[in-house]
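Before any comments, here is the structure.
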Amino acid sequence: MIVDLVLSNTKAYINNKIVDCSLAINKGKILKIGKEISMPKAEAKINLKNLLVLPGLIDVHVHLRDEGKTYKEDFYSGTASAAAGGVTTVLDMPNNDPVTMSAENLRNRMKIAEKKVLVNIGFYSEFPRNTRETEEIVREGAVAFKLFMAEQVGGLNINDDYALLEAFKTVSRLKVPVAVHAEDKATLERAEGKLKRSNRNDIEAFLKAHSESAEVKAVKRLLNIAKQTSTQVHFCHISTEKGLEAVIDGKKLGLPVTCETTPHHLFLSTDDLRRIGTLALTMPPVREKHHTIALWNGVKNGWIDILASDHAPHTLGEKKAKLVWDVKVGIPSLETTLPLLLTEVKRGRLSIADVVRLISENPAEIFRLKGRGYLKEGNNADLVVVDLDKKYRIDATKFHSKAKYSPFDGWTVEGKPVKTFVNGQLIMDEEEIVAKAGSGKIIRRE
């Protein structure tokens, strides 16, 4: 038998340890892992020169913007950014133009994506206006639903507990998770209105509006609904100490809840936000240092399940609006997540096992992405080759994303993704995209 590719002379993270091995890849799958002498003949062979192979990253929180917002990002630029960052699967958020909230919207979005994407992509949907359409959206292949509690985005009235309860009952029956942006809309509107009436237009006002209590109130509200419906709820970008404590309380009660945080909530604080300015403004915002300490403890103790980028690109003009209330919130993060985490591995704060669990294994398990997240025979050949000794400065002007800025611009990091393979195909090689648009695959919920 002659296989498509053999990766030789490498180390790989397999079964919770790093082993010296070679990998044989055929028809997009990992066919064999073992000694080089046991590898089959191959059409192509790459000597990885003792570099480390990890399962490809699965980023469950990405805004790719395509359709009505292509001036910010599109499926090609966004997935090129993903591949450059070692990300082999992304889950695309639904707050697009048009909002992904019907089977037709989803079908159209998939059709556009399949011709452009470089990595695998799955799609969230917002809840439809008519709950009866939920099942049709799931049949079309949505991997999960997204619920924005901070503002009305989809068709579900977020102010109506009964409507939320009925929608959650439906997705619970369909065994589909719901990812939640947990900030309470009424709390935000009251605080923001009061600050605007006082002519406040500064970062401190934004922080005051997006308070810890806004997050905690939304988390507790959704935990109550999860308790009544047994819905699998995933809390996005948890940012505060008490917000995390509320999620932990839900876990201790045995509720089917998980949570994520982001690199910017781990690595940046309000001190950085004040220094950097609105380029670092996101929602929920970065917090005071005691919150970042609590989040790191949550990572260390296993309470935080996933690290996700919340890649949210905008134009520089949108990030520098005159009024803080008009600034488009979000940070382009696909190309910085892995280097930041590998740097913490070098510093001893994280282990390779932690990194793989948080950005490959747990995302695959929680969102039921079969055949991904682990390096094992029979799985999809989604993997990233990293150079743990590569020390360099982050240069946002070189991002593959259309957004050429970052709060981490100029940071020195150690550990770099140097090759990314998606379904056995080399997509990124030494920062260069070497595959054609459409090389990635659409992932549908099975």
Quiz item: How many residues are touching a residue at least 40 places away in the same chain (Cβ under 8 Å), of a type outside the set (A, V, I, L, M) and over 13 Å from Tyr13 (Cβ atoms) if we restrict to the stretch 325-363?
Solution: 13
Self-check item: Criterion: surrounded by fewer than 18 Cβ atoms within 10 Å (Cβ to Cβ) and outside any strand (DSSP E or B) - qualifying residue of Asp409, Asp389
Solution: Asp409
Quiz prompt | Neighbours by Cβ (under 6 Å, 6+ apart or cross-chain): first from the stretch 282-293, surrounded by fewer than 20 Cβ atoms within 10 Å (Cβ to Cβ); second at pLDDT 95 or above and polar (S, T, N, Q) | solution = Glu288/Thr270; Lys289/Ser269
Exercise. Look at Ser81 and say whether it is of a type outside the set (Lys, Arg), farther than 21 Å from Ile137 by Cα, touching an Asp or Glu at 6+ places or on another chain (Cβ under 7 Å) and not assigned by TED's automatic domain parsing to the domain that holds Pro339.
Key: no
Quiz item: Pick from the stretch 205-242 the residues that are in contact (Cβ under 8 Å) with a residue 60 or more places away in the chain and charged (D, E, K, R): which of them is nearest to Glu166 (Cα to Cα)?
Solution: Arg221
Exercise. Can you work out which of the residues in the stretch 326-370 that are of a type in the set (Asp, Glu) and closer than 18 Å to Lys391 by Cα is surrounded by the fewest Cβ atoms within 10 Å (Cβ to Cβ)?
Key: Glu344
Exercise. Please find, within the stretch 96-122, the residue that is surrounded by the most Cβ atoms within 10 Å (Cβ to Cβ) out of those that are farther than 30 Å from Leu383 by Cα and out of contact with any Pro (no Cβ under 8 Å at 6 or more places or on another chain).
Key: Ala103
Quiz item: Where residues in the stretch 266-315 are assigned to a helix (DSSP H, G or I) and of a type in the set (Lys, Arg), which of them is nearest to the chain's Cα centre (by Cα)?
Solution: Lys300
Quiz prompt | Failed condition for Val324, given (1) aliphatic (A, V, I, L, M); (2) over 15 Å from Leu54 (Cβ atoms); (3) within 16 Å of the chain's Cα centre (by Cα) | solution = (3)
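The values are calculated or read from the model by the stated rules, or taken from the named source; none is laboratory data. Quick caveat: nothing in here was measured; it's all calculated off a predicted structure. Positions of Cβ are generated from backbone atoms using ideal geometry, with glycine treated the same way; all protein chains shown enter the neighbour counts.
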